[in-house]
1. Once phi is turned into θ = phi - 60°, what whole-Hz ³J(HN,Hα) does the Karplus curve with 6.51, -1.76 and 1.60 give for every residue of region A:178-186, x standing for Gly and Pro?
2. D for chain A, whole µm²/s, Stokes-Einstein with Kirkwood Rh over alpha-carbon pairs at 10 °C and 1.306 mPa s: what number?
3. In peptide A:439-452, how many Cβ atoms from other protein chains are near each Cβ within 10 Å, on average?
4. Report ³J(HN,Hα) in whole Hz for each residue of region A:61-67, in order, from the Karplus equation J = 6.51 cos²θ - 1.76 cosθ + 1.60 where θ = phi - 60°; Gly and Pro get x.
5. Kindly write out, for region B:119-125 in residue order, the coupling ³J(HN,Hα) from the Karplus curve 6.51 cos²θ - 1.76 cosθ + 1.60 (θ = phi - 60°), rounded to whole Hz, with x marking Gly and Pro.
6. Evaluate peptide A:168-180: per residue, the Cβ atoms of other protein chains within 10 Å of its Cβ; return the mean as an integer.
7. Restricting everything to alpha-carbon atoms, can you work out Rg to Rh for chain B with a Kirkwood hydrodynamic radius?
8. Return the distance in nm (one decimal) between the two label points of a simple spin-label model at A:Lys198 and A:Lys366, each offset 7 Å from Cα along Cα→Cβ.
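The values are calculated or read from the model by the stated rules, or taken from the named source; none is laboratory data. All of these numbers come straight from a predicted model, not from anything done at the bench. Positions of Cβ are generated from backbone atoms using ideal geometry, with glycine treated the same way; all protein chains shown enter the neighbour counts. The protein model used for the area step is the full one, side chains on, heavy atoms only, and it has no ligands, DNA or RNA in it. Shrake-Rupley method; radii C 1.70, N 1.55, O 1.52, S 1.80 Å.
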Amino acid sequence: MATVKDTLDPIKGRAPLVTSGATFKEITDAVAAPLEADNYRAWWVCFLVAVFFLGIFLVSVSYLIWEGTGIWGLNNPVGWGWAIVNFVFWVGIGHAGTLISAVLFLFRQDWRTSINRYAEAMTIFAVICALMFPGIHVGRIWVIYWVFPIPNQMDMWPNFMSPLLWDVFAVSTYFTVSLLFWYVGLIPDFATMRDRSKTKARKIAYGIFALGWRGSMRHWLNYERTYLILAALATPLVLSVHTIVSFDFAVSNVYGWHTTIFPPYFVAGAIFSGFAMVLTLIIPARKIFKLEHIVTTKHLENMAKIILLTGSLVGYAYGMEFFIAMYSGNQYEQFAFANRMFGDYAWAYWIMVSCNVITPQFFWFKKMRRNVVVLFVLSIFVNIGMWFERFVITMSLSADPLPSAHGYFSPTIWDITTLIGSFGLFFTLFFLFIRFIPMVAIAEVKTVLPQADPHWHPEDEGAGHSDEAGSQEVTAHG
Amino acid sequence: MAEKKIYGMLAEFDSTRAIYHACEEVRDEGYKHWDACTPFPVHGLDKAMGLPPSKIPWIVLGMAILGGIAGFTLQWWTTVIDYPILIAGKPMFSWPAFMPVTFELTVLFGAFGAVFGMFGVNRLPTFNHPLFNSERFQAVTDDKFFIAIEARDPLYDKRKTKKLFKKLGATHIELVEE
């Protein structure tokens, strides 16, 4: 694999984030190119495949609403099946986007600029998928408004002491704030697309979303402050969301769930799975859309390092759960964990451990971190592993302390189509995104180019900026 | 139709370095009604322009406090006052259990304050603006940097302002109609 030779930024003394010494214009052109292509045949193929799976999702959900949750493999004692597994899986994926856009922004990790738009889009679409499951699994979807504190025919209010209600607030706030954050970041780029538009329809469409942005420094001042504050708000928010998701489990009295390690363990797992999903999505995209000089190997390597860190945290949490169960001296707790490892779902447990604990260890090696194929394959393993983690946790329900109440959950065809279909929903939205919205934050990437710094000196200074530049006066007509 | 009013004079620059020094000069000349437009936020340009700090943090603080109070009051009123139900033997006023929702609403209101506060302060959306009358101004979202001095500025003088822009190394100068 060819690696780009690292040259150093003249001011920061570090390797530049965007390689090949791109100019501002080249950045705009490179990012806008996929949105202005003449030939979308490949896109249509991908999009229609995604729409097909979206159709499967819609059919599954419609049948669910018609017939009820009995079409799923739920039973007694496993009253919570794939709906919660899929919900936690999708919400977790979303977390990497916020981590990249907010947490890395606060830590001034400039490398995030090349991937934050993409990762935030992934967040929003993943959270949409996640929100589907609590929405549809309630059985009587026509009274879903009972989860919100709005007056209803029973004159009752939701129970604010329940983690399930906290979840409603946490995930819907998370979705709203992520969307606002994403949109604020997009405004200058919509303006760029507006100003590049060749057709009137495009100009109007992008123009509406650009809100008449004209790059005024007086606006940028407030804009940058808003962006910083949103990052500062989103950082504790993202931690709170998966903490509260983990409360759905941890607050209930089920052996294997009722542990204090759940919040940090869930947050680490969420970031772990999310970064894997970012890699899965961006590795093909940077190749197809020729953005390899903007999303460089260095970006991928940094993400691999975060996967290694969070994957090891998750592995530590698996070990610590067992230790605490053993150390507690509580035989039911001990049974719950031994049962995970050797019980009915041992197969799922060992898939989870191999994918989540062993896979990231490859990233100790620089060669692996910089190998695109390895990254892509391993990221898919992580995605699979993290789905199984939630499955393993949820299946604690199958082994009640009373052996006569033990059961086994098997998914029906409808469980499977709903899960596969949710990927259709995700990718339909994703393909629409890459077709119509700049997938790299154009304005932000420009700020990390060396020439964006007012103190930057081109080596061949002298050309340009003098009277001979031929200033002329023209009156614009409008 | 009468001749259109002139909005101001627009100067184009090629680099962040040029616009930075140009802004410092325009500021020191004492102009008040002027603006710099750039494809991305140029670091430190607000200082070079002499702009006061943003008001956004105060809006966010106010909204976040409001959100927190609203969230807590909502939970207290619904659970303790309006329809008290004993759940799991917990006290009616189980305030620690109200913290997650209080926190979420604090963040939600704060974020609304940040985004819509920014729209308000910046007067967005403003779909039309005199500067859009300039063909060349379209490059402001690509790779060019602009300074516009408005005709209503007391120091504005067609000849003097143009001379200033020339001295500062503008690569193109034009008048923009209202």
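1. With the stated coefficients, region A:178-186 comes to 4, 5, 4, 4, 5, 5, 4, x, 7 Hz.
2. D = 65 µm²/s.
3. Mean partner-chain Cβ count within 10 Å for A:439-452: 3.
4. In residue order, the calculated couplings are 5, 4, 5, 4, 5, 5, 9 Hz.
5. Going residue by residue, I get 4, x, 5, 8, 6, 9, x Hz, with x marking Gly and Pro.
6. 4
7. 1.26
8. With each label point 7 Å from Cα toward Cβ, the separation is 4.5 nm.
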